[in-house]
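Bear in mind that the values in this text are calculations on the coordinates, not laboratory data. This structure is a prediction, so every number in the text was calculated from the model and none was measured. Here the Cβ positions follow ideal geometry from the backbone for every residue, glycine too, while neighbour counts run over all protein chains shown.
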Amino acid sequence: MRTDNFPNHHNHNDHSNRRPSLFHQLFRLTLKSATGSLQTTLTAAFTVLILIVVLFLVIRNADSDNHIGVNDAKHTLVSPTQIKSLEDIGEWEFLSIADEELIDTVSHGFFGDNRLVRIYYGTIRLGINMHEVHAGWLHMEGDTVIATLPPVKLLDSDFIDEARTKSFYEEGTWKQADREALYQKAYDAMYARCYTPANIQTASENARIQFSNILKSMGFEYVKVSLSASPGENIK
């Protein structure tokens with residue numbers, strides 16, 4: 001009896017239902033592990049990025065607050081203690097002029113003329129007296145500090161240095177009154193030569209510049225300094 005050989009379908013089904021090999025299982029496990037590690041890495045990187053952004057915003061806001069504080073400080077009026085310290089400066093020199101004068105006098109006598117010649121040295125000091133400021137001399141107008149200083153004046157009326165006075169020529173006998181008259185003549189000459197409108201203007205300009213620098217060093221950006229035409233009541 002003939003028997004045909006048909007394909008063995010039963011054996012084919014058994015082969016397809018066979019459990020995965022050990023190598024295949026290890027491959028799937030490794031792939032799953034790598035996928036989990038990648039997800040963990042991405043999550044950590046995203047978290048760090050968020051922290052960096054938050055930190056940047058905090059630093060920027062803090063820096064902005066600092067700038068606001070500085071700007072506000074520039075518009076704050078000087079405290080009464082600071083105003084008092086400026087007034088306590090008292091005499092403030094802004095220009096010094098050294099001078100010398102050759103002064104002579106002649107005395108006519110029965111037996112001839114006598115002559116006296118002397119050299120006088122002195123220093124004219126021009127400035128202001130902060131004790132003579134007017135009430136409200138320092139105040140704010142908008143964002144500008146307004147300061148009105150006393151006028152420039154001669155700070156020391158005893159400006160001739162008598163210790164340096166020299167007799168250039170002396171003939172005959174001279175009384176003390178004659179020497180005092182010669183001193184007064186030298187005083188008037190020195191005063192007229194040095195206490196001039198030009199020197200007063202120079203001292204006034206120096207006062208404006210120096211006082212403006214002081215106010216700016218105290219934190220004020222906009223300042224306006226002027227000098228009054230007359231001194232105020234002495235506050236001392």
Worksheet item: How large is the charge dipole for the range 88-236, taken about the Cα centre, if only the Cβ atoms of Lys, Arg (+1) and Asp, Glu (-1) carry charge, to the nearest 20 debye?
Response: 100 debye
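Around Asn114, with a cut-off of 12 angstrom between Cβ atoms, what is the net charge of the other residues, counting Lys and Arg +1 and Asp and Glu -1? Intermediate values should be presented prior to the final figure.
Numbers: positive: Arg115, Lys175; negative: Asp104, Asp113, Glu170, Glu171, Asp178.
That sum, taken over residues with Cβ under 12 Å, equals -3.
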Worksheet item: Do any GluC sites (Glu not before Pro) in the range 179-223 lie in a DSSP loop with no more than 12 other beta carbon atoms within 10 Å, and if so, which?
Response: Glu221
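Using the beta-carbon distance between Ile83 and Asp156 and R0 = 30 Å, what value does 1/(1 + (r/R0)^6) give for FRET efficiency, to the nearest 0.05? The partial results should precede the final answer.
On the way: r = 26 Å, r/R0 = 0.87.
Step by step, r from the Cβ atoms, then E = 0.70.
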Item to complete: Given a cut-off of 32 Å, name the pairs among Lys185/Lys224; Lys153/Lys185; Lys153/Lys175 whose C-alpha atoms lie farther apart than that in the structure shown.
Response: Lys185/Lys224; Lys153/Lys175
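Set the Förster distance to 22 Å, then compute FRET efficiency between Thr196 and Leu102 from the Cβ-Cβ distance, nearest 0.05.
0.65
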Worksheet, complete the sentence: Residue span Lys175 to Thr144: 0.36 nm per residue of separation minus Cα-Cα distance leaves a gain in nm of 5.0 nm
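Using DSSP to call loops (not H, G, I, E or B), can you name the trypsin sites (Lys or Arg not before Pro) in the range 139-208 whose Cβ has at most 10 other Cβ atoms within 10 angstrom? Kindly include the intermediate steps, with their values, before the conclusion.
Numbers: sites: Lys153, Arg164, Lys166, Lys175, Arg179, Lys185, Arg193, Arg208; in loops: Lys175.
Sparse-neighbourhood loop trypsin sites (Lys or Arg not before Pro): Lys175.
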